[in-house]
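In what follows, a structure is listed as structure tokens, so that the remarks can point back to it.
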Amino acid sequence: MCGKNTIQQMIETMSLITSGDLSKRVKATRSGTLNQLGLQINNLAERYQMAQETIRALNQQLRKSNLDAIMALTEALAAKDPYTRGHSERVSLYSMLLSEKLGLTSEEIDGVYIASYLHDVGKIGIHEDILNKPGRLTEEEFEQVKAHAHISSQIVSQIPNLSHIAYVVRHHHERHDGGGYPDGLSGDEIPLGSRILAIVDAFDCMTSDRPYRKAHRPEEALLEIKRCAGRQFNPELSDAFIEAYGKSYGHRTLHMSAS
Ligand SMILES: [Fe+2]
């Protein structure tokens, strides 16, 4: 009877181990054979636990390496185009604000945050004279600037563990009405992260000083987003951003703290 209960307990513990629950161990018994079997099951649980801890540590290391790669890329771009440094940081924070308002999962928010940080990294492949040109771009220069969406996504797709956000980066200049680039996607064809990014990117551009104009006030930029909702921007996401922004920042921007 005692042996039967012990075997039952072993089967239950094995079943927990294989399902990933490593909190239980088999109790010692008087029977030499069963005790030996119990020790082996406990030994297996210990080894599983050590393997899980190693995987966790490797994932953390990989995440740190990814963040180091991101920082190196954004620093390289900032050296070429100083405007983008504060811009990437602020756009990431605004993206997070809107993603949280929309109730995205922490994994999705993380993806949109990183995509926002890297969305313009492809500008590294564009000449400084064009990036920093104070006047209006020629048609040919504008075509070169447009290529940054594709180049950014190519760069991001090469970073281990970030290839899944490359398509969010690629489509951050698409428009709700299909008039954007690089692929002319419209409405829900545009990935959600890219729809979010399009709104917050435009907001930060409008509220930043540029070589050719002074920054707009946040309330003016929000009115412009409202005006362009349904044509340039997704209307529901535009409303959500206007509401979330008003609640978090009122009439302030992140420029003082993030630049
Ligand atoms: Fe861009």
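Restricting to the range 155-181, name every residue that is more than 13 Å from HIS119 (Cβ to Cβ), within 15 Å of the ligand (Cβ to nearest atom) and not basic (Lys, Arg). GLY180, TYR181 - these are the residues of the range 155-181 that are more than 13 Å from HIS119 (Cβ to Cβ), within 15 Å of the ligand (Cβ to nearest atom) and not basic (Lys, Arg).
Considering LEU192, LEU222, the condition of being open to solvent by less than 30 Å² (accessible area, probe 1.4 Å) and more than 16 Å from the ligand (Cβ to nearest atom) is satisfied by LEU222 alone. Looking at this structure, is ALA198 in a helix (DSSP H, G or I), over 15 Å from VAL91 (Cα atoms) and at pLDDT 95 or above? When the stated conditions are applied, ALA198 does not pass them.
I need every pair where a residue in the range 160-186 that is of a type in the set (S, T, N, Q) has its Cβ under 8 Å from the Cβ of a residue that is within 15 Å of the ligand (Cβ to nearest atom), sequence separation at least 6 or different chains. Qualifying pairs under 8 Å: SER163/VAL156; SER186/GLU174; SER186/ARG175. The single condition from (1) part of a helix (DSSP H, G or I); (2) of a type in the set (A, V, I, L, M, F, W, C); (3) open to solvent by 80 Å² or more (accessible area, probe 1.4 Å) that LEU16 fails is (3). Here LEU137, LEU73, LEU44 are screened, and the one residue that is of a type outside the set (Val, Ile, Thr) and more than 15 Å from the ligand (Cβ to nearest atom) is LEU44. Scanning the range 91-130 for residues that are aliphatic (A, V, I, L, M), within 15 Å of the ligand (Cβ to nearest atom) and surrounded by fewer than 19 Cβ atoms within 10 Å (Cβ to Cβ) returns a single hit, ILE130.
The values are calculated or read from the model by the stated rules, or taken from the named source; none is laboratory data. Here the structure is a predicted model, which is why all the values come from computation and not from measurement. Neighbour counts are summed over all protein chains in view; Cβ atoms, including those assigned to glycine, are modelled from backbone coordinates with ideal geometry. Heads up: the accessible areas ignore ligands, DNA and RNA and are worked out on the full protein's heavy atoms, side chains in. Shrake-Rupley method; radii C 1.70, N 1.55, O 1.52, S 1.80 Å.
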